[in-house]
Amino acid sequence: MSRLEVQKTYKIYIAGAFPRTESGRFYPVKLKNGTVTNICLSSRKDARNAVVAARNAFEGWSSRAAFNRSQILYRIAEMLEGRKAQFIEELIAVGSSKASAQKEVEASIDRCVYFAGWCDKYTQLFGSVNPVASSHFNFSVQEPTGVVTIIAPESPSLLGLVSAIMPVIAGGNTCVVLASENSPHVAVTFAEVLNSSDVPGGVINILTGKEDELVEHFSSHMDVNATIYCREKHLTKIKENASLNVKRVSDWSGKDWFKDGDDPYLLLEMQEVKTTWHPIENIAGTKSGY
Amino acid sequence: MAKKTETKLDFGSKWDYSAAPESASHAEIKKEYELYINGKFVKAEGGKKFASINPSTDEHIAYFAEASDKDVDKAVKAARKAYNEVWSVMPPKERAKYIFRIARLIQERAREFAVLESIDGGKPIRESRDVDVPIAANHFFYYAGWADKLEYAFPGKTAKPIGVAGQIIPWNFPLMMAAWKIAPALACGNTVVLKPAETTPLTAMKLAELIHDSGLPAGVVNIVTGAGATGAAIVNHPDVDKVAFTGSTGVGKIIQKAIAGTKKTATLELGGKAANIIFDDAPLDQAVEGIINGIFFNQGHVCCAGSRLFVQENVKDIVIKKLKDRLSTLIVGDPMDKNTDVGAINSKEQLASINKYLKIGVEEGAEIYQPNCMLPKKGNWCKPTLFLEVSQSHRIVQEEIFGPVLTVQTFRTIDEVIDKANNTPFGLSAGVWTDKGSKIFNLTTKLRAGVVWANTYNKFDPTSPFGGYKESGYGREGGLQGLAAYVKLA
């Protein structure tokens, strides 16, 4: 008798754990081979729990050494590379050709490496020491915006997800991400990669479910600082809701993630600029003038 | 037990300062100002106008045209035409020279602008002369030089102008805010429709005259006066590509929502409720000067004002005593007098708003302290005010008062004060006073605010980016990072 395959239960990823949705709801996604997978239909409460997890993780993640964050992002690439075959298989299962699945997974791995390298460089490149006219030392440096909600592209389901997450966490933010609706499997498997990559729990939280349900909560939550939108339908609604607490909104729809994703300016969109002043005593005979 | 008698310092009761008024004779004020559209001074459609009042005397200054939707439309059309035909296609080197020339003209007429700023807005001449006007001129001078160097500002990208910028500025630093808005917009190749605040339109219209004198091509800068409806017409005009707003968080949210369904980009520089933190190892006399400057500079009409004081508990008594002593030496009165420290409250409405908060503070159980100073009979005035015995939940601690009102809280540990300082929806600025460098950097890193002054406060410079975190807005004005607000990157 042939061996029965063990199928995976696809769950969501909050605070470094894999709970089912608190709502107990699901939606079925049929694979190409006929297998039906039950995907968590995440609720408002799941989104709120994920935001709490992301907020709790923010201080630790943002205050880590940039070099340490860099190594953790690189570790994600290492883990992803090791499970390349699984991701290719999962993409094929939802309809990709083998060649395009391979291309997408490889591009995703390379995207992680690309942003791993930026962690400890972008403030050097885009920060500044400012030659103010008074006798003060003055410098500006980027700091993370905070908790970011991301509605990842519907496709490419892996590369789009990875490309939206990496610039956000490379810059020290934490995030809550909604995965592709019709191809959520790779997102859940990617959470397993994150779970074994030294990414602290809560830095990246991944939900599956319906955009139409969750877009409201992703964009109106008062403890979310920014929202990245990678789809088409709800941009105006997101921007309107963002005005509740002056959220930053980035419209990343219409990007070709194979070509447009290697870009430090994406990282800068989720950064604030902090300027610090301190008096200098008696430079060139001028008074410091507290 | 014998009660300890408190010794009180006696400042100036033995003699008065002689008046030292700045002369206003060389500053010409017309009876009526028109709109500046397409290089011409024109009346508003229908001839509607409003008056600007001197807040320190209640005297009428001049009439200003009230721009309607039609006027704004004319201004935007002029800006679009100038953008397409002149400004965006002009060699950047030439653009730069126009902006340099504007800077020079402001420097040449600096005293006139300072006088007018104090007459129209009520701020002490010392501030308009030493802060507002020079920074306005320097801002133009700084950004002029960027016009032909943008390729170095955005490595790996090509910077292109956005188009027509609609800019709405507040009444607290009228000329300086106009400079902060116009200078980077022009340097990056955009054209401008600017609206000054309805209580302080005078120096903006003077600036329009100066820009006209500079020979800047018609339509590159258009200045329209009016109130909220004029501002809304700019924000909602379909041919405006970019909105730049400085003002309250409430109005900022309305603007953010209004442009949600459009391709317009925005920079918002909104309210604040900054923490000013004094540790026990700070040089206390300098810190007290910093607290005073932090909250009473420009009558506290400053979005980055240090309005929440946090004193380490073991130095609370001495700091409050020094503060009270210093408060009684502040000279409140005629903005045109060079001795004046605290000028007039900008408008009757703002005075009513501040007085409302004074009442709320008392009703909430806080202890109010005001020095025994004389106030002029006419005009809008508010005594410098301290609120003691307040807690985080008090409205006067949570809400922006935008006046000379300081709340005083205490703390014991660094973690406690970081939590308290960050416990606000705002995040514009903060201050830290301590002698220990490592403590400064710990604090300046953890305070969630866009500008942090360590052992100083309320300093501004064209090279130094300014702007907030959280509900204090987004985007930066000033410096290299301020360019990003006025370019599209490809």
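Readers should treat all values here as calculations from the given coordinates under stated rules, not as data from a laboratory. Here the structure is a predicted model, which means the values were calculated and not measured. Here Cβ is always computed from backbone atoms with ideal geometry, including for glycine, and neighbour counts include all displayed protein chains.
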**OP:** Report ³J(HN,Hα) in whole Hz for each residue of the range A:40-55, in order, from the Karplus equation J = 6.51 cos²θ - 1.76 cosθ + 1.60 where θ = phi - 60°; Gly and Pro get x.
**Re:** 4, 9, 5, 10, 4, 5, 4, 4, 5, 4, 5, 5, 4, 4, 5, 5
Original post:
With each label point set 7 Å from Cα along the Cα-Cβ vector, what nm distance links residue B:84 and residue A:32?
Top reply: 5.0 nm
Original post:
the range B:395-423 to the range B:48-86: how many Å between their Cα centroids?
Top reply: 39 Å
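Please give the per residue volume of the convex hull enclosing the alpha carbon atoms of the range B:275-454, rounded to a whole number of Å³.
On the way: hull volume 20.1 nm³, N = 180.
Given the Cα convex hull of the range B:275-454, per-residue volume reads 112 Å³.
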Original post:
222 nm [θ] for chain A, helices only, -39500 (n - 2.57) per DSSP H run of 4+, per residue, to 500?
Top reply: -13000 deg cm²/dmol
**OP:** Show the residues, 5+ positions off or on another chain, whose built amide H is closer than 5 Å to the amide H of residue B:48.
**Re:** B:66
**OP:** Would you pull out the residues with amide H under 5 Å of residue B:459's amide H, same chain only if 5 or more places away, H placed 1.01 Å from N?
**Re:** none
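Using only alpha-carbon positions, what ratio does the radius of gyration of chain B give when scaled by 2.2 N^0.38 Å?
Values: Rg = 22.7 Å, N = 490, 2.2 N^0.38 = 23.2 Å.
Here the Cα radius of gyration is 0.98 times the empirical estimate.
Averaged over peptide B:453-459, how many Cβ atoms belonging to another chain are found within 10 Å of each residue's Cβ? Before the final figure, lay out the partial values.
Values: counts 8, 6, 6, 9, 2, 1, 9.
Rounded to a whole number, the mean comes out at 6.
Quote to one decimal, in nm, the extra length available between residue B:438 and residue B:248 on full extension: 0.36 nm per residue of separation minus the C-alpha distance between them.
Working: separation 190, 0.36 × 190 = 68.40 nm, distance 3.46 nm.
Extending this stretch completely gives an extra 64.9 nm.
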Original post:
Along the range B:149-155, what does the Karplus equation 6.51 cos²θ - 1.76 cosθ + 1.60 (θ = phi - 60°) give for ³J(HN,Hα), rounded to whole Hz, x for Gly and Pro?
Top reply: 10, 4, 4, 8, 7, 10, x
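Counting DSSP beta bridges with both partners in the range A:26-281, what percentage is antiparallel, nearest 5?
Details: 16 of 33 bridges.
Counting only bridges with both partners in the range A:26-281, antiparallel ones make up about 50 percent.
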Original post:
Ranked from highest to lowest mean number of other Cβ atoms within 10 Å per residue, what is the order of the peptides B:211-219, A:27-35?
Top reply: B:211-219, A:27-35
Subject >> Helix-only mean residue ellipticity at 222 nm for chain B, each DSSP H run of n ≥ 4 adding -39500 (n - 2.57), per residue, nearest 500 >> reply: -10500 deg cm²/dmol
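Using a Förster radius of 56 Å, what is the FRET efficiency between residue B:42 and residue A:259 based on their Cβ-Cβ separation? Nearest 0.05, please. Before the final figure, lay out the partial values.
On the way: r = 49 Å, r/R0 = 0.88.
Taking R0 as 56 Å, the efficiency between residue B:42 and residue A:259 is 0.70.
Rg to Rh ratio, the protein assembly as shown, alpha-carbon atoms and Kirkwood radius?
Numbers: Rg = 28.1 Å, Rh = 27.8 Å.
My calculation of the ratio gives 1.01.
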Subject >> Rough spin-label spacing in nm, given labels placed 7 Å along Cα→Cβ, for residue B:356 and residue A:20 >> reply: 5.2 nm
**OP:** On a C-alpha basis, how far is the centre of the range A:178-194 from the centre of the range B:204-227 in Å? Whole number, if you could?
**Re:** 55 Å
**OP:** Compare the peptides A:143-151, B:455-463 by average per-residue count of other Cβ atoms within 10 angstrom and give them in order, highest first.
**Re:** A:143-151, B:455-463
**OP:** Taking H placed 1.01 Å from N in the peptide plane, check which residues at least 5 places from residue B:337 or on another chain put their amide H under 5 Å from its amide H.
**Re:** B:22, B:125
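So if R0 is 41 Å, what FRET efficiency would residue B:19 and residue B:104 give, r being the distance between their Cβ atoms, rounded to the nearest 0.05?
Between residue B:19 and residue B:104 the formula returns 0.80.
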**OP:** For residue B:416 paired with residue B:262, estimate the spin-label separation in nm (one decimal), with each label point 7 Å from Cα along the Cα-to-Cβ line.
**Re:** 4.9 nm
Original post:
Dipole of the range A:26-281 (Lys/Arg Cβ +1, Asp/Glu Cβ -1, origin at the Cα centre): which of A:277, A:246, A:72 lies farthest to the positive side?
Top reply: A:246
Subject >> For the range B:312-385 and the range B:161-195, distance of Cα centres in Å >> reply: 33 Å
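In peptide A:247-254, how many Cβ atoms from other protein chains are near each Cβ within 10 Å, on average? Kindly include the intermediate steps, with their values, before the conclusion.
Details: counts 4, 2, 3, 0, 1, 0, 0, 0.
Taking all residues of A:247-254 together, the mean is 1.
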Subject >> For the range A:263-272, 3J(HN,Hα) per residue [Karplus equation, 6.51 cos²θ - 1.76 cosθ + 1.60, θ = phi - 60°, Hz, x = Gly/Pro] >> reply: 7, x, 5, 5, 4, 5, 5, 10, 10, 9
**OP:** Quick one: dipole size for the protein assembly as shown, taken about the Cα centre, charges +1 on Lys/Arg Cβ and -1 on Asp/Glu Cβ, in debye to the nearest 20.
**Re:** 720 debye
Original post:
How much length, in nm to one decimal, is gained on full extension between residue B:8 and residue B:373, taken as 0.36 nm per residue of separation minus their Cα-Cα distance?
Top reply: 129.9 nm
Original post:
If the chain between residue B:364 and residue B:321 were fully stretched, how many nm would it gain, using 0.36 nm times the residue separation less the Cα-Cα distance?
Top reply: 13.2 nm
Subject >> Antiparallel %, DSSP beta bridges [both residues in the protein assembly as shown], to 5 >> reply: 40 percent
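Across peptide A:219-225, what mean number of C-beta atoms from other chains lies inside 10 Å of a residue's C-beta? Each step should come with its number before you reach the end.
Numbers: counts 0, 0, 0, 2, 0, 0, 6.
Mean partner shielding for this stretch: 1.
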